[in-house]
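Participant: Here it is: the structure, laid out below.
Since every read-out is calculated from the coordinates, none of them should be taken as a lab result. Bear in mind the structure is a predicted one, so any value in this text is a computation, not a measurement. Using ideal geometry, Cβ is built from the backbone for each residue, glycine included, and neighbour counts are taken over all protein chains shown.
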Amino acid sequence: MLQSTSRLAIKICGLSTPDTVGAAMRGGATHLGFVHFPKSPRHVEADQLRALAAPVPAHIERVAVLVDPSDEILTELSATQALTALQLHGKESPERAAAIRQRFTIPVWKAISVKTRADIDAAKAYNGAADFLLFDAKTPEGAALPGGMGLRFDWTLLRGAPLSTPWGLSGGLGIDNVAEAIRITGAPLVDVSSGVESAPGIKSVDKIMAFCNAASS
Ligand SMILES: O=C(O)c1ccccc1NCC(=O)[C@H](O)[C@H](O)COP(=O)(O)O
């Protein structure tokens, strides 16, 4: 889980190679994200995830990103013993999030798709059901993926929002805008995927390092 320190948490999401996992760790990322969703160019199988996470020290979180996962998929991923959290990035209800947390005894993150302030207000339904809320941009109806599209939402919507569950900011973050995003929202955690890629699904070591530096500056 996100520790209650004043240090900014950084999650590099959609990692799929050892060299980019290494770059994220060297850059100071606190969280590494692994997408398990076959339609994604960032998809990693359970065995691949286990191998990628093997050299990661215990203090760095390993988060699986999932879209409406079945219990069968969750059982397979749990068996890797590589994960410290599950990020639900589909249409999982608060009841489903709570049930997953209880059955798999692991912290659950819920991605909240945001376009308007009402979307942020509605996230309170997950208080007590999810351990962490990740505010991400709403992707258009019919989009290929529910995340990882480089889309951002109006960050000022988060100003003054009464959030009682730990949270983070995602969606369209990059080297050139992450510092401004932190300034506007006060986000304790920032999450990036396509903003540190050279092509969809291809993470860049240089961009990961630059993002971590920009976020921490
Ligand atoms: O990244 C994916 O391919 C993906 C696929 C299915 C569900 C979620 C996915 N990504 C979720 C993330 O956590 C991303 O980091 C987040 O949406 C931000 O992405 P980006 O705007 O590209 O930085």
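Participant: How many residues are more than 14 Å from the chain's Cα centre (by Cα) and within 10 Å of Q87 (Cβ to Cβ) when one looks only at region 124-139?
Facilitator: Result for region 124-139: 0.
Participant: Quickly run through region 21-39 and pick out the residues that are over 16 Å from the mean Cα position of the chain (by Cα) and crowded, with 18+ Cβ neighbours inside 10 Å.
Facilitator: A23, G27, listed by residue number.
Participant: Of everything in region 178-197, what is farther than 15 Å from I208 by Cα and of a type in the set (A, V, I, L, M, F, W, C)? Give them in sequence order.
Facilitator: Matches in region 178-197: A181, I182, I184, A187, L189.
Participant: Is it true that T105 is more than 16 Å from the ligand (Cβ to nearest atom), surrounded by fewer than 17 Cβ atoms within 10 Å (Cβ to Cβ) and free of Cβ contacts under 8 Å to residues at least 60 places away in the same chain?
Facilitator: yes
Participant: How many residues are outside any loop (DSSP other than H, G, I, E, B) and charged (D, E, K, R) when one looks only at region 78-107?
Facilitator: 4
Participant: Of the residues that sit in region 1-20 and are surrounded by fewer than 22 Cβ atoms within 10 Å (Cβ to Cβ) and closer than 15 Å to A82 by Cβ, which one is nearest to the chain's Cα centre (by Cα)?
Facilitator: This residue is S16.
Participant: Filter region 40-77 down to residues that are assigned to a loop (DSSP other than H, G, I, E, B), of a type outside the set (D, E) and either surrounded by 15 or more Cβ atoms within 10 Å (Cβ to Cβ) or within 14 Å of the ligand (Cβ to nearest atom) (or both), then give me how many there are.
Facilitator: The number of residues fulfilling the criteria is 8.
Participant: Within region 119-132, can one find any residue that is surrounded by 15 or more Cβ atoms within 10 Å (Cβ to Cβ) and touching a Gly at 6+ places or on another chain (Cβ under 8 Å)?
Facilitator: Scanning region 119-132 turns up at least one residue that is surrounded by 15 or more Cβ atoms within 10 Å (Cβ to Cβ) and touching a Gly at 6+ places or on another chain (Cβ under 8 Å).
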